[in-house]
Amino acid sequence: MSTTEHWHQEHDAEGHLWLGIDKADGNANVLSGPVLRELDGLLDAAEREPPKAIIVYSRKTSGFVMGADINEFTVLKNADEAYDLVRLGQKVLDRLEDSKVPTVAAIDGFALGGGLELAMACHYRVAVESGKPSIGLPEVKLGIHPGFGGTVRAVQLAGVTEAMPLMLTGRSLRPAQALRIGLVDFLCTRDELRDAAVAIAKERRPMRKAPFSARLLNLPLVRGFVAGKIEAQTRRKASPDHYPAPFAIIELWRKHGASARSGYEAEARSIAKLMVGQTAQNLVRVFFLQNQLKAQGGKASQRASHVHVVGAGVMGGDIAAWCAVRGLNVTLQDRELKYIEPALARAKKLFERKLKAKAAEGVARLVADVDGDGVEQADVIIEAIFENKEAKQALYATLTPRMKPGAILATNTSTIPLQQLREGLPEPQRFIGLHFFNPVAQLPLVEVVRAEDTHPEAVAIGANFVKGIGKSPLVCASAPGFLVNRILAPYMNEAFQLASEGVPLTTIDAAAEAFGMPMGPVELADSVGLDVALSAARVLGQKDDDMAQLIEMVDAGHTGRKSGRGFYDWREGKAVKPAPATAPAPDDIEDRLILPMVNEAVDCLYEGIVETADLLDAGVIFGTGFAPFRGGPLQYCRERGVDAVRARLEVLSETFGPRFAPKPEAWASFAAGKAAE
């Protein structure tokens, strides 16, 4: 028995070599350069004195191997350095595949990215059965593709029709699904894992290959046709200019057909180029930004187990349902049962979709509570009634006397500052905002809103509650619009202005989507509700004279998706858009839409709405869908050039009016911060 910094080595009584990965200074195993070099040395020793078999497993309870070490991506200077790192991994894994003794991966928990590539390089793979998706190749989500031989071996084992969607989407499979497509050879319980690994090594069964019919697709004449079809499907979902990695995966297979002879070298060259490209660098940045969001709030003295939601409308009902999905006991209050019943019906559909066979458990956790009896047991009380200060304050007066000690009262307001709402509360410093976004089940961000003197404990409880229900908290100051709505307002207002100038709605949306937004501002306004957009615009100081069309539509009941008609007609939850306009879009349309968001982001940073530029970018990405491959509005500004963006705003201000004018002090502060990095 012996250990290195990252590996534990021992021979059992039958002569099998067990190599246990245990990455130092980390909760999860990753294949860093040092980890790979140590494995290379261990395989040297195994070649000199061959064991009966080599079995690779994890000594961590968190899982097998998470992937490559993403931290190493951030220090690469050029594509040559990236290529050297990737080729190191390929060569070490090749040794497992080329071993003269059986090699087995014993997988307990996740095997993702480089972890699955390590497993695929072994002759056999045994995995612990689990109902959780834990096996996959998610590299495309970071703007790259598998680089340790995965683009070749995944196709060799599962065939292109199974392997390509796995790589192109980055989705994970449950072990049983991985078994079905050939990425795993055998499933067992955790207690059986060691015995199963030994048994499959002794058996020396023929190694898995994709079915013969799947291997026929690798033939050159067929390959070009199939690759073209896959590429056309991918283009409908992503642009190669924005997300080059999926198209690189397709091109590797088109040219090399999962050939070990040429595929590994081509894979290394391809991923090396991607790793140092702007898209991958920004998507890696977004990965770390998400971790920063999760780190907010600090430790709280209590965890929520019971939530009471007041207001069973779309937002309140969906917040309650999501909390029940995540395992909390929830009471939902409104004036009469008839107002709660539609929320319960929506919740049941959500439970069936998310909890499947355990949907009944979700139903049992969500209880209609007209009398508000759940207030006394609740750890967190969320008010989600209509946007009226007096109505909210009247409600708080009935809630606070019944709250148990230590409970937190929160509002889901999207527009009213906390300082106004908390007037008259017995503990105003423990009042916070928990601002969810619609649709609650899909959008990952929740703004945890604080006033200047809000107690840190209250903020911590709020942030940890958000994390506990699987969302990402963004702690921000209480100011009109908070962060996300404030950033979105000038974007949508400029879209309305363009529309008033005669620019077709589809042209406006297409320009934003070409930039990389998930949907255009017109469709977005319809989606969130034109009444909500109007209310937010008023709170943020927009004059009614400038919103005549919006006011007219709302007064007529045309509020967007929820009413079936807004700027677009809506059918079955989707916008029915007219044919795209044939006239070209104005040359300045992209800057007119995007730069107001950048300008507002710089102002928000200067005013301290969030603590750091990184958190601001994270909030805008996860709260608005701002093109992730651009890294956020502030990162986009840096990459384009702070002085260049400011100068462009000044030109737009001279042409279209002061709404584009950059505030000198905010931009000077941002430029100084950029220079200090």
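The values are calculated or read from the model by the stated rules, or taken from the named source; none is laboratory data. Quick caveat: nothing in here was measured; it's all calculated off a predicted structure. Cβ coordinates were reconstructed from backbone atoms using ideal geometry, including for glycine residues, and neighbour counts include every protein chain displayed.
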| request: Taking only the range 502-542 into account, find how many residues are buried (at least 23 other Cβ atoms within 10 Å of the Cβ) and of a type in the set (K, R). | output: 0
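Give Q292, Q296, Q281, Q302 a once-over and let me know the one that is polar (S, T, N, Q), part of a helix (DSSP H, G or I) and more than 30 Å from R87 (Cα to Cα).
Testing whether each residue is polar (S, T, N, Q), part of a helix (DSSP H, G or I) and more than 30 Å from R87 (Cα to Cα) leaves just Q292.
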| request: Taking only the range 341-365 into account, find how many residues are under 11 Å from D318 (Cα atoms) and aliphatic (A, V, I, L, M). | output: 5
| message | Can you go through A121, A111 and tell me which one is crowded, with 24+ Cβ neighbours inside 10 Å, over 18 Å from the mean Cα position of the chain (by Cα), among the aliphatic types (A, V, I, L, M) and more than 21 Å from A260 (Cα to Cα)? | response | A111
| note | Residue pairs within 8 Å by beta carbon, gap of at least six or interchain, first lying in the range 559-574 and closer than 17 Å to D531 by Cβ and polar (S, T, N, Q), second in a loop (DSSP other than H, G, I, E, B) and at pLDDT 90 or above, listed first then second, are T559/G566; S563/G557
| task | Please verify whether the range 136-153 includes one or more residues that are touching a strand residue (DSSP E or B) at 6+ places or on another chain (Cβ under 7 Å), of a type outside the set (K, R) and over 21 Å from W253 (Cβ atoms). | result | no
| note | Expected single match for outside any helix (DSSP H, G or I), touching a helix residue (DSSP H, G or I) at 6+ places or on another chain (Cβ under 7 Å), of a type in the set (A, V, I, L, M) and closer than 25 Å to L283 by Cα among A266, A238, A258, A248 is A238
| note | Among the residues of the range 423-480, the number that are in contact with a Phe, Trp or Tyr (Cβ under 8 Å, 6 or more places away or on another chain) and hydroxyl-bearing (S, T, Y) is 2
| task | Pick out the one residue from E650, E600, E590 that is part of a helix (DSSP H, G or I) and over 29 Å from N438 (Cβ atoms). | result | E650
| query | What is the number of the single condition among (1) under 21 Å from G608 (Cβ atoms); (2) surrounded by fewer than 18 Cβ atoms within 10 Å (Cβ to Cβ); (3) of a type in the set (K, R) that K404 does not meet? | reply | (1)
| remark: Only one of G317, G406 is touching a helix residue (DSSP H, G or I) at 6+ places or on another chain (Cβ under 7 Å), among the small types (G, A, S) and assigned by TED's automatic domain parsing to the domain that holds I469, namely G317
| message | Need a quick list: helices (runs of 4 or more DSSP H) entirely within the range 132-219 having at least 1 residues that are of a type in the set (A, V, I, L, M, F, W, C), over 25 Å from S262 (Cβ atoms) and in contact (Cβ under 8 Å) with a residue 40 or more places away in the chain. | response | 175-181, 193-203
| remark: Residue pairs within 7 Å by beta carbon, gap of at least six or interchain, first lying in the range 20-36 and in the same structural domain as H6 (by TED's automatic domain parsing) and surrounded by fewer than 21 Cβ atoms within 10 Å (Cβ to Cβ), second modelled with pLDDT of 95 or more and hydroxyl-bearing (S, T, Y), listed first then second, are G20/Y57; G20/S58
| query | Since E452 meets every condition but one in (1) outside the structural domain of R592 (by TED's automatic domain parsing); (2) touching a helix residue (DSSP H, G or I) at 6+ places or on another chain (Cβ under 8 Å), which condition does it not meet? | reply | (2)
| So M1 fits all but one of (1) more than 24 Å from L289 (Cα to Cα); (2) surrounded by 14 or more Cβ atoms within 10 Å (Cβ to Cβ); (3) at pLDDT below 95; (4) aliphatic (A, V, I, L, M); what number is the exception? | (2)
